[in-house]
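The structure under discussion appears below in the form of structure tokens.
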Amino acid sequence: MALSRFLAAIIASVMLASLPVLADEIQDINLQFRKGELTSALDHANRYLASNPKDAQVRFLKGLILGDLGKTDDAIEVLKGLTEDYPELPEPYNNLAVLYASQGQYEDARYALEMAIRAQPGYATAHENLGDIYAKMAAIEYDKARTLDSKNMAAQTKLKLIQDMLGKQASKPAAAEPVSGSSQPAQAK
């Protein structure tokens, strides 16, 4: 009994002593990502995850890095895995929505944002992004109406209003960014 408590104390000491090292590693990955050193950040994240496969923050960072590298499908898989393992975290859903929207998958983006809001009802970024997705979806429908009936002035007017609101560009929801030193995925900006 005393031996098992002694071993437990040693294990706990080793784990606690390693936390600052792990935090430093996460900060290093985050710094590489922020500096745009995407390939080295991804390599570092992969090495870290090899020994810490459930770490939510580094998995989240890996998803962001993959997205920035243009590996959208891989980023989606990483973020989907996070939503399955940590459904209470809204940031992976939000960033999943950003990726879906970039591919024109607005229904999937809408669903992901609704899940982010369900996870954290006060998550303002997800609410704003959901509004952007609804606006983009509305623009698509108004454009279809205008195409089907070129004399439909109401549809043309509404389409112009939404295009002006969206800045005449495709809706790009805001992504959550990593925050150094956190053990959870970052809070959105």
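The values are calculated or read from the model by the stated rules, or taken from the named source; none is laboratory data. What you are looking at is a predicted structure, and each value in this text was computed from that prediction instead of being measured. Just so you know, the surface numbers come from the protein's heavy atoms only, side chains and all, with ligands and any DNA or RNA stripped out. Shrake-Rupley method; radii C 1.70, N 1.55, O 1.52, S 1.80 Å.
At a glance:
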quantity	calculated
Of 136/160; 54/80; 136/158; 71/136, those spanning more than 18 Å from alpha-carbon to alpha-carbon	71/136
Per residue, in Å², the accessible surface of the stretch 23-114 once ligands and nucleic acids are set aside, probe 1.4 Å	44 Å²
Accessible area of the stretch 25-136 belonging to carbon and sulfur atoms, whole % at 1.4 Å probe	48 percent
For the stretch 54-120: Kirkwood Rh in Å [reciprocal of mean 1/r, alpha carbons]	11.4 Å
For the stretch 67-160, projected area of the alpha-carbon convex hull averaged over all directions, nm²	6.8 nm²
Globularity ratio of the stretch 32-93, using Cα Rg and 2.2 N^0.38 Å	1.03
